[in-house]
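Notes follow the structure.
Taken together, the values in this text are just the output of simple stated rules run on the coordinates, not laboratory data. Just so it is clear, the model here is predicted, and its values are computed rather than measured. Ideal geometry is used to build each Cβ from the backbone, glycine not excepted, and the neighbour counts take in all protein chains shown.
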């Protein structure tokens, strides 16, 4: 078995180094004394950040990037046909998948808090990380987004606490070594890898069984599948949720005029602290309860947890205000499946705009095909929906699913939907039809955030 510790001081080459997880791991390796190089298919803020740290990053994947590396690291999205992986095999250079590296870096920590779920992972793990930092616990952190408190997506702390996102894609979370597992929800996604929802549930069950007997499982108590899996565990289990039959639940819940929740955090009938969030949405009640429960389990004081959660301002690409153009507020959200898009738009509606625009970049052909019906109604909170062409990511176009089919289906469900294939088409349509006081929310985990940057660069219409 390949062990990352055997390569300390040697050169580790990372394919797709600009990705949110890979760039964070690159920073961790760099800080631990490894020589890091990498490649990515495009320049990005993450790539420039790594270059400024001294990492040699090539744009484009090519065989000549590999010679001299002692180890090659790749993500599950990088196929065996990638020219750098082929070259590594030819040269006999060992390879390690991204999640295996993350799991190995996690070893040896007294508390390894792993956050899994179909959605909400980045926000919840960020809340936990920031809370434990502010409570003086100095955690090591690896999340799939950029958090200002970290200056990125990772940090090296003491060996007491490691906080990480544990993603179910390709079964990646089965490489983790959790002592505290947080399960936010179990829903359909990644059906290009999993057969169906039962297959997904079984994978979450395998993940939970990685917990040691002295570990703790925390999960959303209103999710039937979470409760069913918890019934088969021998370690301690605790639930969080909106109802009083959970271990952690809210009382005296209310929302301010922009949708930010306020509640008393309760634990088995006892009030622990008052929480007053700066981030909006009912789903952030659950995210913050999950974060509260995790921080509580690892020993943070309840009042200190609440004070930190009350300061939490969110993660980049999670309902992030990117600018105001022509009197229109432009936001971006990383949500890339229908449930996440629906949640993001519910927050947009809470801002009471003149009109709410949804700009959707569907992500991967397989996801659109498997969740097609859900896409047709997920933007019903919006007044106008613009749909760009599908972002292929790691996939090839099968030819049997198009963005136009989503638009047609949306219209049949009474949604005012328009197909704007490219970013230029989308910008042109927005500028021709928006009005001051509108709110535009772009959504997707592809490169749709670049539309916000493009429009901000072009500025107000003169």
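Can you sort 349, 396, 278 so the residue with the fewest Cβ neighbours within 10 Å comes first?
396, 278, 349
For 126, 293, which order do you get if you count the other beta carbons within 10 Å of each Cβ and list the fewest first?
The fewest-first ordering by Cβ neighbours comes to 293, 126.
Looking only at the stretch 213-316, where both bridge partners belong to it, what percent of the DSSP beta bridges are antiparallel (to the nearest 5)?
Counting DSSP beta bridges with both partners in the stretch 213-316, the antiparallel share is about 65 percent.
Could you tell me the extents of the stretch 255-378's C-alpha atoms along the three principal axes, largest first, rounded to whole Å?
44, 38, 22
Between residue 43 and residue 354, how many nm apart are label points set 7 Å from Cα along the C-beta direction?
For residue 43 paired with residue 354, the spin-label model returns 3.6 nm.
I'd like the Kirkwood hydrodynamic radius of the stretch 55-207, using the inverse of the mean 1/r over distinct C-alpha pairs, in Å.
16.9
Ratio of the stretch 320-458's C-alpha Rg to 2.2 N^0.38 Å, to two decimals?
0.96
Along Cα→Cβ, 7 Å out, is where each label goes; now give me the distance between the ones at residue 32 and residue 159 in nm to one decimal.
So the label points at residue 32 and residue 159 sit 1.2 nm apart.
For the stretch 10-98, taking Cα atoms only, what is the radius of gyration to one decimal and the Dmax to the nearest whole Å?
11.5, 32
When the Kirkwood radius is taken over all Cα pairs of the stretch 107-311, what Stokes-Einstein diffusion coefficient follows at 37 °C and 0.692 mPa s, in µm²/s?
Here the translational diffusion coefficient equals 195 µm²/s.
Full extension from residue 321 to residue 53: what is 0.36 nm times the residue separation minus their Cα-Cα distance, to one decimal in nm?
93.7 nm
Using the number of other C-beta atoms within 10 angstrom as an exposure proxy, rank 132, 371 with the fewest first.
371, 132
Among DSSP beta bridges lying fully in the chain, give the percent that are antiparallel, nearest 5.
25
Starting with the highest mean, order 353-361, 249-257, 19-27 by the number of other Cβ atoms within 10 Å, averaged over the residues of each peptide.
19-27, 353-361, 249-257
Spin-label point model (7 Å from Cα, Cβ direction): what's the residue 10 to residue 174 distance in nm?
Between residue 10 and residue 174, the simple spin-label model gives 2.7 nm.
Looking only at the stretch 320-458, where both bridge partners belong to it, what percent of the DSSP beta bridges are antiparallel (to the nearest 5)?
For the stretch 320-458, the DSSP antiparallel bridge percentage is about 20.
Between the alpha-carbon centers of the stretch 18-94 and the stretch 295-350, tell me the distance in whole angstrom.
30
Which FRET efficiency value, to the nearest 0.05, is calculated for residue 262 and residue 301 with the Förster distance at 22 angstrom and r the Cβ-Cβ distance?
Working from the Cβ atoms, E equals 0.65.
Hey, could you pull the Cα Rg and Dmax for the chain, both in Å?
So, for the chain, Rg and Dmax equal 21.9, 65 Å respectively.
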